[in-house]
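Below is one structure, written out as structure tokens; comments come after it.
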Amino acid sequence: MARISRNDAPRSMKNLPDASIPVNTTFTGNIDTMGGIRIDGTVKGNVKAGGDVTIGSDGTIEGNVNASNCNIAGRINGNLTVTGAVQMLSGSKLLGDLAASSFAIEQGAFFKGQCCISDGKEPALLSAPAEEKKHVKKEPAASKKTEAEPQAV
């Protein structure tokens, strides 16, 4: 039996995943965990993690991802929203919108979508808030011109 001392950090503080989907495994459904998760197989559904999401080089997520941080070596087909940092390694692919506090992409990685990076004080948003949309000037609709009918005198 392993002895645990009071100085050992809890699992989540060591950035170890609390769950994992191994290579050659397909999981269909949504994942919601308070901790972190490592994906080396395929997830067909949304992933929501209170900790970090790590996608290995063989890993694929076909759905949206919400996490603290995300390290991508594999592929995501969906939107990615993190409160912290996103790191895309060479050979990784992200096909969807991204919102994060910081974003690093290595040469050889592929990203297609919209990107919103916040300063960390406010959550990153993928679309303009309603308050900002109020100030957008709309062009007046084209008015129909009608000719006045000749009046009998």
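The values are calculated or read from the model by the stated rules, or taken from the named source; none is laboratory data. What you are looking at is a predicted structure, and each value in this text was computed from that prediction instead of being measured. Because the Cβ atoms are built from the backbone with ideal geometry, glycine has one as well, and the counts that use them run over all protein chains shown.
General remarks:
- Residues that are modelled with pLDDT under 95 and acidic (Asp, Glu) do occur in the range 9-18.
- Within the range 82-108, the set of residues being buried (at least 22 other Cβ atoms within 10 Å of the Cβ) and more than 21 Å from residue 23 (Cα to Cα) comprises 82, 86, 98, 99, 100.
- Residue that is out of contact with any Lys or Arg (no Cβ under 9 Å at 6 or more places or on another chain), surrounded by fewer than 22 Cβ atoms within 10 Å (Cβ to Cβ), modelled with pLDDT of 95 or more and small (Gly, Ala, Ser), where the choices are 73, 49: 73
- Between 99, 142, 128, the distinction of being out of contact with any His (no Cβ under 9 Å at 6 or more places or on another chain), modelled with pLDDT of 55 or more and hydrophobic (A, V, I, L, M, F, W, C) belongs to 99 only.
- Matching residues, the range 36-57, being in a strand (DSSP E or B) and small (Gly, Ala, Ser): 49
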